[in-house]
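Inspection log for the structure reproduced underneath, given as structure tokens.
Laboratory data are not the source of any read-out in this text; all were calculated from the coordinates shown. Keep in mind that what you see is a predicted model, and the values were worked out from it rather than measured. With ideal geometry, Cβ positions are generated from the backbone for all residues, glycine too; neighbour counts draw on all protein chains shown.
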Amino acid sequence: MNNLYLFYPTGHEAHFEHGHPERPERVEIIKSTLDSVGWWEPFPKLKPVLLSLDFLKTIHKSAYLDWLSDFCQRGEYIDGDTYTTPASWQLALNAAGGAVAVAEGVWKANDHAMTEPAWRGFALTRPPGHHATRAIGMGFCLLNNIAIAAEYLLTSPLGDSPKARRLAIIDLDLHHGNGTQDIFWRRDDVLFISIHQSPLYPGTGSLEETGAGEGEGFTANLPFPPGTGDVGYQAAMEQVILPLLDRTHPEMLLVSFGFDPHWRDPLGYLMLSADGYGRLIKSLVDWADFHCNGRIALFLEGGYDTQAASACALAVTAALLGEPIPDALGPSPRPEGKSWQAVIAGARRIWQL
């Protein structure tokens with residue numbers, strides 16, 4: 001069994017809005033599920049790294065950070081979907097710092113030629129982050145946790161370990177990671193890949209969005225139609241994602257993990273199973289073991305059905321630990337469509353795969 005760095009957002013329950021789908025139970029069920037099978041207590045729980053405002057300004061605009069800090073004190077909505085409370089600013093800082101702690105822990109632990117068991121990471125980041133752009137929070141997100149973690153590895157002193165030169169962010173949430181794409185749009189040191197349902201909020205992430213300037217060719221999107229499930233996702237992994245990783249040679253894989261592509265989720269119409277999700281993570285784990293000293297970490301984004309959260313958490317954690325992948329809920333009761341094949345074909349044409 002591999003080792004696992006964990007982050008749990010202590011006090012997160014103070015970020016709460018009655019009746020809102022982004023609720024404390026989302027992370028509480030993951031913790032209790034992992035604890036029930038002995039995959040919580042044995043592993044270290046990391047404390048958030050204290051991040052300076054100057055560092056956060058490398059990812060988010062100064063005016064937004066100043067505004068968000070003041071805005072949270074009033075406990076108002078940023079938009080029709082995204083609430084704040086007086087505790088939200090500090091909890092957002094904690095989530096970003098927890099993401100950094102897990103990314104840094106995995107980076108350092110697997111710094112040299114990998115020895116068994118490898119160290120993986122799973123950060124239960126709440127509030128989530130991948131919709132937060134440089135200039136504004138949206139889609140339940142306040143600070144972009146995974147982007148902040150990536151920037152930390154690329155720019156900050158890491159003790160005896162060298163800084164990262166190139167990373168990959170693979171976004172497996174139901175919704176397009178528009179904020180992460182926005183942040184790295186013009187950069188060639190982060191490969192950003194997103195699989196998401198389309199059409200759906202936030203309406204971005206078309207096949208043709210591939211980056212700009214120095215970042216041209218370092219953004220890839222797979223906008224899957226409703227009804228896509230395990231077969232379509234595995235085809236995307238084998239025919240697009242892994243070949244792009246082979247081409248760009250990232251030194252660590254950072255995964256935006258949302259369990260809302262699961263067939264039970266109330267906000268979407270994709271049909272991924274927990275087993276299918278686990279096999280996706282296993283494919284990335286295997287790639288990381290062979291190409292980047294086993295460095296891979298997951299960072300929680302969306303997902304709004306607690307049974308799906310429990311099943312997916314077990315499946316992906318099993319993949320991280322090298323254990324057999326369980327699935328308490330089984331495959332989707334609805335048959336999977338085939339219209340995703342046109343998306344794969346379009347991506348392969350654009351990327352000349």
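Considering only the range 287-308, state which residues are closer than 16 Å to L272 by Cβ and over 14 Å from the mean Cα position of the chain (by Cα). Y304, D305, Q307, A308 - these are the residues of the range 287-308 that are closer than 16 Å to L272 by Cβ and over 14 Å from the mean Cα position of the chain (by Cα). Listed by position, the helices (runs of 4 or more DSSP H) inside the range 178-295 whose residues that are more than 30 Å from M1 (Cα to Cα) number at least 3 are 178-184. Of all residues in the range 199-235, those satisfying the criterion of being surrounded by 22 or more Cβ atoms within 10 Å (Cβ to Cβ) and among the aliphatic types (A, V, I, L, M) are A220, L222.
Restricting G211, G258 to residues that are of a type in the set (G, A, S) and on the phi < 0 side of the Ramachandran plot narrows the list to G258. Of all residues in the range 170-187, those satisfying the criterion of being without any contact (Cβ under 8 Å) to a residue 60 or more places away in the chain and either among the charged types (D, E, K, R) or out of contact with any Phe, Trp or Tyr (no Cβ under 7 Å at 6 or more places or on another chain) (or both) are H176, N178, G179, D182, W185, R186, R187.
Quick grid of which residues meet (1) in contact with a helix residue (DSSP H, G or I) (Cβ under 8 Å, 6 or more places away or on another chain); (2) among the β-branched types (V, I, T):
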site: P48; (1), (2): yes, no
site: W67; (1), (2): no, no
site: A87; (1), (2): yes, no
site: G98; (1), (2): yes, no
site: T125; (1), (2): yes, yes
site: P128; (1), (2): yes, no
site: F140; (1), (2): no, no
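For T125, the requirement of being closer than 21 Å to I170 by Cα and of a type in the set (S, T, Y) is met. Of all residues in the range 2-18, those satisfying the criterion of being hydroxyl-bearing (S, T, Y) and part of a loop (DSSP other than H, G, I, E, B) are Y8, T10.
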